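As structure tokens, the structure follows; a few thoughts come after it.
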Amino acid sequence: MASRIERLGEWRSELTLFSLGVLVVGAASLIVAVVGSALFFLVQGVTPYAKLVSSATSPFQASILYTALALALVAVIAGFGTYKRMLTKAAREAVISGGALGLQTVLVCVFYLAFREGDKFSIFVRQFFSFDKLGPFMGQFFNAAKNTVILAFSGQLIGMALGLTLALLVLSNRVVVRAPARVYINFMRGVPLLMLLSVGYLGVVTGLGLDVSVYKAGIVILGLNAGAYSAEIFRSGIQSLERGQLEAARSLGMSYLQAMRYVIVPQAVRRVIPPLMNEFVILIKDTSLIAFLGFAFQDRELLAWASDTYGELFNSTAFTASVLGYLVITLPLIRLVTALERRLRSGLVGIGA
Amino acid sequence: MSGNSSLVRLEGIHKHFGALHVLKGIDLAVEKSGVVVIIGPSGSGKSTLLRTINLLEEPSAGRVFFDGREITDIRTDVNKVRTEIGIVFQQFNLWPHMTALGNIAISLRKVLKLSQEQARDRALEELEHVGLGNKAGAHPGQLSGGQQQRVAIARALAMRPKLMLFDEITSALDPELVKEVLDTMKRLAHEGMTMVVVTHEMGFAREVGTRLIFMDDGTIVEDGLPKEIFSQPGDARTKSFLSHIL
């Protein structure tokens, strides 16, 4: 009996070792394929694009991919073939993860190998990865990125101030106070932003001959639109508070406005930070819509810069850069929203000062 | 009962919530320094009645007098009246984004317009009064239910009200925390505070109450001395209610 149990123990540790092995092989296959190729490209040089093409089609690149493929197949077969026989949950999770990573490597490698054989491959690389051509335009690129942030941030500031005011109006007990705010909010939510920009700039600003730049008009229209969405966010934040919070304030003699200012709004604002930041991310992307109105040269944001630069070079690398620009701005914000939401769910924000 | 010494007088109070008729003609006078305890089955309208006294519920019909003035008069400054009537709720309703001290000081600053030092000193004094002088910097989430409720009492008392309303303030507490809150109320009663107390604590009603009111179905069924009602309930409904909870 004792020896049987001992043997079970041995199997257990052997299988744990095996499962770790599968996980490592699976992870290694993906790292070789992606990081290995990237390093190889970097060492060979990424400009001009012809270097990228020759690296990508070189036999050395092929050997990297086939090595990765071999590792991946080992991980897939070992992982999905054995996971049912694992003795612990951790071991099972490890082999399944190894198999899944291997599968991803297979997909990446097969797609890439097929793609680089195609007759459009070098044209594709030239279209999207001719970074050397962007050189003279990079100063304007950073200016455009800065403008994107300023447009979105200013719009968001107007939107939050307007939104909080509208939310307080919409929560009024009096229909005559509530109704106009509700009409405004629903109008803004019901009309496409492109339409608002057209009407606001082409119709109002140029139509009436006002001396306002696209940049400023864009900020105002974005803000007026964001105000409607912020209002709904603030309203839901205020309504999510318990009724007793307001009653306690009123019963101590605070006026409605005092109660809102000192008790309700400070709490509501904490709760709505994640959805407001989500809206900010959307606003960052929506700044690109202003581009169709035609910015002054120094006022251009990322999309306007990208299409102008494309127009000059007839090359899409400007779009690649501009997409990367948006991601550099938005991804950290998205991460922050997720982190804040997790903190809110665990109740930490409610208590903290 | 409606002599000149009464601090609160309700006349013919009705309250409807939509189709629901919650208060059906309540007349009640509360004498100065009296401790009026209201008991009754859930849904009988006790909390609603209590909340009409500081106009958290506006009566559908009837008049409320406080300290000689009709406060249901449309020209009354309700905010001003409420500074003289403290209320403590079942759910504490402390503000979680402020410290215990902040919870108390904010209305002293913004409503009574005290200076920052005056507000802080008075808030600290009230916290010490309920035995929580060392918790001034704590946020509500860091306090036990009983401590939170005592902060809520201190918050109401800091306004120096003439009347205190208590709305089932021990009902949300763990049993071992009830006593500290009841003790605070008892001391307040002994200090001569006029109090209207909705509660299920029959021991408190018997010991501290100067008057007991039994409500059922939106009306006052019985009104008298606690000892007498407990020993000889006059109405069958009172008898049935007391037999269920005692």
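The values are calculated or read from the model by the stated rules, or taken from the named source; none is laboratory data. Everything numeric here is computed off the predicted structure, so don't read it as measured data. Backbone-built Cβ (ideal geometry, glycine too); neighbour counts: all protein chains shown. Each accessible area value is taken on the protein alone, full model and side chains, heavy atoms only, with ligands, DNA and RNA left out. Shrake-Rupley method; radii C 1.70, N 1.55, O 1.52, S 1.80 Å.
Does B:S33 qualify as being closer than 30 Å to B:K186 by Cβ, open to solvent by 30 Å² or more (accessible area, probe 1.4 Å) and without any contact (Cβ under 8 Å) to a residue 40 or more places away in the chain? So that I can check it myself, show each step before the final result.
Numbers: closer than 30 Å to B:K186 by Cβ: yes; open to solvent by 30 Å² or more (accessible area, probe 1.4 Å): yes; without any contact (Cβ under 8 Å) to a residue 40 or more places away in the chain: no.
So B:S33 fails the test.
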Restricting attention to the stretch B:158-181, report how many residues are at pLDDT below 95, among the aliphatic types (A, V, I, L, M) and buried (at least 20 other Cβ atoms within 10 Å of the Cβ).
3
Name the residues in the stretch B:212-246 that are open to solvent by 50 Å² or more (accessible area, probe 1.4 Å) and small (G, A, S), would you?
B:S231, B:G234, B:A236, B:S240, B:S243
Enumeration of residues in the stretch A:246-261 that are surrounded by fewer than 21 Cβ atoms within 10 Å (Cβ to Cβ) and in contact (Cβ under 8 Å) with a residue 12 or more places away in the chain:
A:L246, A:M260
Give just the number: which of (1) farther than 30 Å from A:A321 by Cβ; (2) modelled with pLDDT under 90 does A:K51 not satisfy?
(1)
Go over the candidates B:S60, B:S107, B:S42 one by one and state the one that is touching a residue at least 40 places away in the same chain (Cβ under 8 Å) and surrounded by fewer than 23 Cβ atoms within 10 Å (Cβ to Cβ).
B:S60
If the Cβ limit is 9 Å and pairs must be 6+ apart or interchain, which residue in the stretch B:68-79 that is within 14 Å of chain A (Cβ to nearest Cβ) pairs with which residue that is assigned to a loop (DSSP other than H, G, I, E, B) and among the aliphatic types (A, V, I, L, M)?
B:I71/B:L55; B:T76/B:L55; B:V78/B:L55; B:V78/B:I71; B:N79/A:M254; B:N79/B:V111
Exception for A:F234 within (1) farther than 29 Å from A:I329 by Cα; (2) at pLDDT 95 or above; (3) part of a helix (DSSP H, G or I) falls at (1)
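If we only count helices (runs of 4 or more DSSP H) wholly inside the stretch A:14-85, which ones have 3 or more residues that are closer than 27 Å to A:R116 by Cα and under 28 Å from the mean Cα position of the chain (by Cα)?
On the way: elements: A:37-44, A:49-56, A:59-82.
By residue number, A:37-44.
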Just give me the residues in the stretch B:84-101 being within 20 Å of B:R160 (Cβ to Cβ) and open to solvent by 20 Å² or more (accessible area, probe 1.4 Å), in sequence order.
B:E84, B:L101
When every residue in the stretch B:111-136 that is part of a loop (DSSP other than H, G, I, E, B), on the phi < 0 side of the Ramachandran plot and touching a residue at least 12 places away in the same chain (Cβ under 8 Å) is compared, the one nearest to the other protein chains (Cβ to nearest Cβ) is B:V111
Quick one: in the stretch A:300-353, of everything that is at pLDDT below 85 and of a type in the set (D, E, K, R), which residue is most open to solvent (accessible area, probe 1.4 Å)?
A:R345
Condition broken by B:R120, with the remaining ones in (1) more than 20 Å from the chain's Cα centre (by Cα); (2) within 20 Å of A:I264 (Cα to Cα) satisfied
(2)
When restricted to A:L241, A:L257, A:L246, the only residue under 25 Å from B:I85 (Cβ atoms), more than 7 Å from every other protein chain (Cβ to nearest Cβ) and outside any helix (DSSP H, G or I) is A:L241
Confirm whether B:I53 is more than 9 Å from chain A (Cβ to nearest Cβ), touching a residue at least 60 places away in the same chain (Cβ under 8 Å), open to solvent by less than 40 Å² (accessible area, probe 1.4 Å) and of a type in the set (A, V, I, L, M).
yes
All conditions in (1) more than 9 Å from chain B (Cβ to nearest Cβ); (2) under 33 Å from the mean Cα position of the chain (by Cα); (3) surrounded by fewer than 22 Cβ atoms within 10 Å (Cβ to Cβ) are true of A:A226 except (3)
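Does B:R82 count as out of contact with any Phe, Trp or Tyr (no Cβ under 7 Å at 6 or more places or on another chain) and at pLDDT below 95? Lay out the reasoning, then the answer.
On the way: out of contact with any Phe, Trp or Tyr (no Cβ under 7 Å at 6 or more places or on another chain): yes; at pLDDT below 95: no.
So B:R82 fails the test.
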